[in-house]
Every structure is written in C-alpha cells, then in structure tokens.
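What follows is a single structure, written as structure tokens, with notes after it.
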Amino acid sequence: MQVDVILGLQWGDEGKGKIVDYLADKYDIIARFQGGPNAGHTLYIDGVKHVLHTIPSGIFREGKINYIGNGVVIDPVTLLKEIENLEKQGIPVKERLIISKRANLILPTHKILDAASESSKGSSKIGSTLKGIGPTYMDKTGRNGLRVGDILEDDFIVKYELLKAKHLQLLQIYNFDYELSELEDSWFDAIEKLKEYKQVESVYFINEALKKGKKILAEGAQGSMLDIDFGTYPFVTSSNTISAAVCTGLGISPKHIGEVIGITKAYCTRVGSGPFPSELTDETGEKLRKEGAEFGATTGRPRRCGWIDLPALNYACLINGVTKLVITKADILNAFDEFGVCTHYKYDGKETKDLPYDMVNREIVPTNIFFKSWGTINPTGPISSELQDYVNYLETYLNTKVAMVSNGPGREQLIDLTEGKLLA
Ligand code: GDP
Ligand code: IMO
Ligand code: MG
C-alpha cells in the first residue's frame, strides 16, 4: 500500500487542514510527520471552527487512526489542551490517537530559549511562533533531546534535570527575564496525563499497517518555502517540511510514497519576517488580508499578503515531486475585478523563473500578469471560463494537474476537477 502526502507549497497556512479533513475519509491512518505546535490548521465542521496544532486533521473522522510521527516535536501542555478541547466536544481522542515514542518533547526551557533568542535578534527576528520549535530540533540534532518514550522510563527525571541544567546555563548568555516554576508544574501535569495515551515503536507500527493494506495520508505542517534546507533561510522553521521528510518523519521507505498533493492559495501569504517577492504592502494587500481573514491561527498575527508567486511554486513542485495541485481560497479573489500572478523575478539585472541562492540580501522585483476574476463560483460546477483560464495557466506553468479548487472554509466547499479520481 502507498502513503499519499498533503503538504503546503508556500509559506504555510495554505489550507492543508481543511483538505486533509476532507480526504481523511478515504484513509485508515492520518499521520503528521514534522513540525509541532507552531502549526495551526483550521477546520470548519458543521459550521463550528476547530484549530489543531499537533493533532492530525483526521481526528474528526470516525474509525480513523491519527498518528503523531517521530518527526514531530510535542509540547505536552499544548497537546493536552487540544485533547481536552476535543474530548469536551465528544471526540473520542483516546481511541483515535497514537503517538510515536521517538517524537521529541518540547520542554518549558525550550520555549524560554526560543523567546530569549528571538528577543536578542532585535530587528532581524525570524518572527518565530515562540513555541520552542528551534531549540527543540537543535537538541534533537545535537543528540540531547528527550523523547516521548522516555516518560515511561525510570530515569526520566534525571534526563529532564540534565537537559534543563544545560538550558539554564545557555540562558545566562541572554539578558532575558523568565519564570520557570509555573511552566514546569503544568508541564509535569501534562506529562502524567500523556502517559494514558497510546505510544508505539514507530517503524513497526507504520510498516505493519502498510503490510496489512492500510491506507495512510501524511499531513505536512508549515510550507516548502519555510523548509530548513530549501526555504528562505534563515527565515524558515527548523524542520524539513517537504515530501522527503515523510520518510524520515514516519519511518517508511521512499518506495511507498504515492500521490504528493501540493496545496497553494490562489494568492499568497506569509506570517513572520523574511523575503516575500510578490508581497503587496499597499491597499490591495490590505484588501486581501481583510477579505481572506488573513490572521495567524497560532499567534493571531496579521499575515502579509500578495499575489501568487509562480517561480516559488515551481521550485516547491520540483522539490516535492507534486503530482496534483489543490488551489484554496479561490473565492477570495472575487473581491477583485482582476488579480495579479507573479510569473518571473527580476534581480541582478536579469528576468528569470529561478530563485536566487540568497533571497534575503537582494532586491527582487516581481513581474506580474493579470487575470479577470470569476464572480461567484458554482459549487456543483462547471467552473466559469475565467477560473478555467487561471487553472489552465497554472497547470501549464507548473506542469502539474489541478485536482481541486476550494471555494470556502467549509468541509464540502470544494470543486473536484478530477470527478472523484484524485486518488485513483
Ligand atoms: P493550514 O495551516 O494550511 O491548515 O491553513 P490555516 O488553517 O492556518 O489557514 C487557512 C485558513 O483559510 C483557515 O482559516 C481556513 O478555514 C480558511 N480556508 C481554507 N480554504 C478556504 C477557502 O477555499 N476559502 C476561504 N474563504 N477560506 C478557506
Ligand atoms: P501551518 O502548519 C505559517 C513561521 C513563523 C516564522 C517561522 C519560524 O499552520 O502552515 P517557528 O515557530 O517554526 O520557529 O517559526 O515560520 N511558521 C509558520 N507560518 N504557518 C505555519 O504552520 C507556520 N509555522 C511556522 O511565523 O516566520
Ligand atoms: Mg496554519
């Protein structure tokens, strides 16, 4: 059996959660493979808004396993809050959730270190969500991390104290005030409760599921332009967000990867600092933000807005091997008579579709062409000629088929251009 992948092709918040929730019905296991509570995936189910940070977006589907893979970093406090909120609404999380023992834990001191590091950067801040992501992945690759499986071992406290002591030493290099004891109390409370949730040895769990013919949907967090290797470094997150990370984040072989479904908004947003060549800092950008309700699901920060960036999307399609595209928020462009599409970048005296090695210290001027918007979208199709023109242009430019167009936040507000054959 194969593992299909859903991931973001821009700077995050493409609407991955909504698409995962919609498609989850066709799978047995929905698996997060990287990132942590820096993610915020918003779903509207029967008109009720839900925001998920660590729990996969298949949690609302009956009879499905939602798996947090080894590539994810977990803050027990946020995870437990999320679980309690869902359980209050009658979702039997304990029955549906499984966690890899190899997933690394975010400690209270990781969050403090994140905040101290950001505050020391002054005007060159990354714009981190301050959830402790960077310091936790640093400890993972530095071979100092604590993992979920450790919480059931006798020497857990010893390991915790050792790592905490390292962090307290590190914090001395920053001039940063912090209060640890309350954070620690709630962290240990959450650790106790986390012991009641099912933990597994990842490699056997996932490969046995594949062997039994279970269908797996891997859910990405963030977006390709935030990838630690290929994003707009250093304004990125601290994990690989691309399809290759499915293998390392779940413990499966590349031969199992099936469809790679890349999600892009019909325009583009970014939250936090860093390059964004097609950004609109004028009233048009403001209008996109207002119409698209572009405010971060994790931090509430206003998202920066601009036209869709095809050089960046093309780059993301290459890295991920995208087999199908999904365009979200097509309804938002109806607020404009016409809208822009960035087709090329101008920098270093040339016009090109290629991204430069360093996008930070270089002025990049976008070349835009304009399309007519399409008015109200008929949810049962056929799509209007204006929308079809836009879809055709993207397909030709990116050499990839558009499978679905999303035209509203609701679960069913989706136009399937493949007549149900997306996963065939
Ligand atoms: P994710 O992090 O990729 O899951 O995306 P977010 O949930 O952070 O941000 C996407 C936002 O757009 C959420 O508020 C969704 O409810 C909303 N959304 C998703 N698809 C559509 C769509 O087609 N139209 C509109 N208007 N909103 C959408
Ligand atoms: P989802 O899964 C949008 C951004 C932050 C910051 C940078 C580094 O909802 O698409 P970090 O907290 O990882 O150290 O922040 O990455 N960022 C996101 N932006 N959506 C996300 O997740 C993001 N996760 C991190 O704003 O610029
Ligand atoms: Mg989000």
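The values are calculated or read from the model by the stated rules, or taken from the named source; none is laboratory data. All values reported here derive from a predicted model rather than from experimental measurement. No Cβ is skipped: glycine too gets one built from the backbone with ideal geometry, and neighbour counts run over all protein chains shown. We work out accessible area using only protein heavy atoms, side chains counted, and drop any ligands, DNA or RNA first. Shrake-Rupley method; radii C 1.70, N 1.55, O 1.52, S 1.80 Å.
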Just need a number here: residues in region 247-273 that are under 14 Å from the mean Cα position of the chain (by Cα) and among the acidic types (Asp, Glu).
0
So, residue 287, is that one part of a loop (DSSP other than H, G, I, E, B), open to solvent by 40 Å² or more (accessible area, probe 1.4 Å) and out of contact with any Phe, Trp or Tyr (no Cβ under 7 Å at 6 or more places or on another chain) or not?
no
Give just the number: which of (1) open to solvent by 10 Å² or more (accessible area, probe 1.4 Å); (2) hydroxyl-bearing (Ser, Thr, Tyr); (3) touching a Gly at 6+ places or on another chain (Cβ under 7 Å); (4) within 14 Å of ligand 2 (Cβ to nearest atom) does residue 57 not satisfy?
(1)
Search result, residues across region 201-252 that are within 23 Å of residue 422 (Cα to Cα), open to solvent by less than 50 Å² (accessible area, probe 1.4 Å) and of a type in the set (Gly, Ala, Ser)
209, 213, 218, 220, 221, 223, 224, 243, 245
For region 42-78, which residues satisfy the criterion of being outside any loop (DSSP other than H, G, I, E, B) and farther than 24 Å from residue 241 by Cα?
44, 45, 48, 49
Mind checking whether some residue in region 345-354 is open to solvent by less than 20 Å² (accessible area, probe 1.4 Å), free of Cβ contacts under 8 Å to residues at least 40 places away in the same chain and either among the charged types (D, E, K, R) or under 23 Å from residue 277 (Cβ atoms) (or both)?
yes
Region 83-110 residues that are farther than 14 Å from residue 31 by Cα and modelled with pLDDT under 95, paired with ones that are of a type in the set (A, V, I, L, M, F, W, C) and open to solvent by less than 80 Å² (accessible area, probe 1.4 Å) (beta carbon under 9 Å, 6 or more apart):
89/48
From the list 264, 281, 299, pick out the single residue that is part of a loop (DSSP other than H, G, I, E, B), within 16 Å of ligand 3 (Cβ to nearest atom) and not acidic (Asp, Glu).
299
Search region 302-331 for residues being more than 14 Å from ligand 2 (Cβ to nearest atom) and assigned to a loop (DSSP other than H, G, I, E, B), and hand back the single one that is nearest to residue 128 (Cα to Cα).
307
Evaluate region 90-98: report whether one residue or more is over 11 Å from the mean Cα position of the chain (by Cα), open to solvent by less than 10 Å² (accessible area, probe 1.4 Å) and closer than 30 Å to residue 292 by Cβ.
no
In the set 323, 299, which member is open to solvent by 10 Å² or more (accessible area, probe 1.4 Å) and within 17 Å of the chain's Cα centre (by Cα)?
299
Hey, can you tell me all the residues within region 269-278 that are in a loop (DSSP other than H, G, I, E, B) and of a type outside the set (S, T, N, Q)?
271, 272, 274, 275, 276, 277
Might you check whether a residue that is open to solvent by 40 Å² or more (accessible area, probe 1.4 Å) and among the charged types (D, E, K, R) occurs anywhere in region 65-75?
no
Restricted to region 23-44, and to residues that are of a type outside the set (D, E, K, R) and touching an Asp or Glu at 6+ places or on another chain (Cβ under 7 Å), which residue is farthest from ligand 1 (Cβ to nearest atom)?
31
Of the residues in region 10-19, those that are in contact with a Phe, Trp or Tyr (Cβ under 9 Å, 6 or more places away or on another chain) and within 15 Å of residue 259 (Cα to Cα) come to none
Name the residues in region 7-22 that are within 8 Å of ligand 1 (Cβ to nearest atom) and not in a helix (DSSP H, G or I), would you?
8, 12, 13, 14, 15
Any residue at all in region 247-259 that is closer than 24 Å to residue 105 by Cβ, within 16 Å of ligand 3 (Cβ to nearest atom) and touching a strand residue (DSSP E or B) at 6+ places or on another chain (Cβ under 7 Å)?
no
Extreme residue, farthest from ligand 3 (Cβ to nearest atom), among residues of region 121-173 that are of a type in the set (A, V, I, L, M) and within 20 Å of residue 193 (Cα to Cα):
158
Please go through region 202-221 and give me each residue that is out of contact with any helix residue (DSSP H, G or I) (no Cβ under 8 Å at 6 or more places or on another chain) and closer than 15 Å to residue 31 by Cα, ordered by number.
203, 204, 205, 207, 208, 209, 214
